[in-house]
Structures are given as C-alpha cells and as structure tokens.
Amino acid sequence: MCATEQNNRASIAEPAAESAAIHSISGSTVTSTPVPDWIAESINGGLLPNVDADNGINGWASPHGDLFSLRSVNYLTKRQKSSAGDYLLSPVGMDWLKSTSKLENVLARPDNRISQALRKAQSQGKSMKSFVFAVNLQIPGKDHYSAVFYFATEDTIPPGSLLHRFINGDDGFRNQRFKIVNRIVKGPWIVKKAVGNYAAFFSTIANAILHLALGYVTSVTIDMGFLVEAQTEDELLEKLIGAVRVCQIDMSSATLVDALTPPVPTAAVARGMACSKVNHHNPGCNDDDDDKC
C-alpha cells in the first residue's frame, strides 16, 4: 500500500488502548491522565534522546504550539492567522536512521521501536484504540538517512474532522493538503535566509531543509510542525497534527538499520498499523503567496 519512490513520506497508523486521553507529554498539549507505558517507552527509549527544548543538543524536543501561526477562522475573508495552540496528536519520539537504501513503511518494520511498544501493550489488552502518525523525511545519497517523527493519541479521531478525512482519504487528497510549517530557532545566517520561517506544502520545505540545512545540521535547531491545510470555512481554523524541535543533530548519531528487512506480516502488526504515501505537490507554494497556499 505504501511502496513509492518519493523522498518525503507520511506514514499513518490508523485508529487501533484504553480510552484514556494522552495530553501530558509536553507544554504543547493539555495536561490530563497519566501517559501510558508504551508512550513513555516511546518517548524515552530511542537512541536519539528527548532533550531540553531551550538548551538541548543532538536530540528532539516539543516546541509550544503557540510559536506557530496558522490560518484563523477569518483567513478566507481577512487573510488573518492565529497561534496554533494545542496539537491534535502528542509527540512521542524521533528516530534518526541510516541505511544503504531508502527506508520504506517504517511502522511495519519488525525493528520499529514504536510499533514494538504498541504491540506489547495491545498483547496485554491495552491501547486497542491507539493511533500513531509518522512522518519520514528521507535524505537520499551515498548513505540514506531518515528523520522519522512520531505522534500519537489514545483518543478516537473525531469522525468528519479534517484529520479524519486526511487519514481515510485517497492519495490525491493527502498530496494536496499535507503541509509543514517551520521555524529556524538557531542556525547560520545562510540557513535562516534560505529556509526561513513559513508554511509550505510538504515536499517544498522538506527539500529545502534537507538539501541545505543538512550541511549545517550540527549547528541548526529547527521547529517543524505538520498539518492538513484548511481550504474552506468549515475546515478552519487550522490545527497542528503535531510539531517537533530538532536540536543540532550529530550526523554520526544515526542508527544503522537494514533497509531490506521485510515488513511485519499484516496479522502481526499492531492494530491499525498501515502506511500511506504522500507525493510531491506544487513545489512553488508557500503561505507568503496566499493565492496558492
């Protein structure tokens, strides 16, 4: 279902725990019930650590949603934007991976730690309704790198919501709507100038980040938020699916994985684990041009 030749990809695990809400992972989300064990394991179990958002290096953190500006309820009439606020899903981890060829369908890999943690919980009758959303930024070259960001919830995705439509829609809808907003928090002037702070369709900014910032990766801290673009009044206001702060990553810290590892058979995958491709779309689009974005 998800084998493509795209450089940038969103992997989606569809609704598949106890119905306890999960909102206490960071200041970006509303504090609620305790975090389930499998999510705590996901946050703290990776080789790329969860670090302090202000001073951490070689790790990931969760920036506050209000640092991002998205389309407000008045956007279509007044072109107004507003603070993004709370995420729809909570950040649960980041993996920095290296392989000899592209890594595809990361959630279905038998060695994927997020899938392993969820499968373990579900084998105990827990987290049977959990939902995981993964974004895989692929960096091709002599060595292939993947920056994989994971977001999750224990709540049901509201039927009819824009996120629900994105999850259950076809590739055409996803390709037209999946966007990324970025902020260069720290970094050389050349990166700030080229990448900037703006919103764009996924492949546009991803390519800019990966092909320029990669050369300065150890000195760059960047916030990246992911969302489904709202295009009609009933879809506004826009909300972030989730966001991650990537803090001055050391290229050598990437985990080496076997790109040829076969996926877990469908029957053995954690409930709802599936992958959906997101193709390149409109490479000239950014939210500085309101007619396009």
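If you take all other residues with their beta carbon under 10 Å from the beta carbon of Thr100, and give Lys and Arg +1 and Asp and Glu -1, the sum is +1.
Once backbone amide H atoms are built at 1.01 Å from N, Leu240 has Leu88 as its partners under 5 Å, excluding neighbours fewer than 5 places away on the same chain.
Karplus-based coupling profile of segment 67-83, in residue order and whole Hz: 6, 9, 10, 10, 4, 8, 5, 9, 4, 5, 9, 10, 6, 8, 10, 9, 4, with θ = phi - 60° in 6.51 cos²θ - 1.76 cosθ + 1.60 and x standing for Gly or Pro. With neighbours defined as other Cβ atoms within 10 Å of a residue's Cβ, the residues Ser62, Ser219 order from fewest to most as Ser219, Ser62.
For the listed residue pairs Lys142/Lys239; Lys81/Lys129; Lys81/Lys192; Lys142/Lys192, the alpha carbons are over 28 angstrom apart in Lys142/Lys239; Lys81/Lys129. The phi torsions of segment 138-145, fed into the Karplus equation with coefficients 6.51, -1.76 and 1.60 and a -60° offset, translate into couplings of 8, 10, x, x, 4, 10, 9, 10 Hz, rounded to whole numbers, with Gly and Pro shown as x.
Seen from Ala61, the other residues with C-beta closer than 12 Å to its C-beta sum to a net charge of -2, counting Lys and Arg as +1 and Asp and Glu as -1. Annotation: amide H-H contacts under 5 Å for Val92 (H modelled 1.01 Å from N, sequence separation of 5 or more, or interchain): Tyr150, Phe151, Ala152. Taking other C-beta atoms within 10 angstrom as a stand-in for reagent exposure, Thr232, Thr156 fall in the order Thr232, Thr156, fewest first.
In this structure, the amide hydrogen of Gln248, modeled 1.01 Å from its nitrogen in the peptide plane, lies closer than 5 angstrom to those of Asn58, Val220, Thr221, Ile222, counting only residues at least 5 positions away or on a different chain. Local charge for Ile222 was computed over the other residues whose Cβ lies under 11 Å away, with Lys and Arg +1 and Asp and Glu -1, and equals +3.
Values in this text are rule-based calculations from the coordinates and carry no lab data. Fair warning: this is a prediction, and the values are worked out from it, not measured in the lab. FYI the Cβ positions are ideal-geometry reconstructions off the backbone, even for glycines, and counts take in every protein chain you see.
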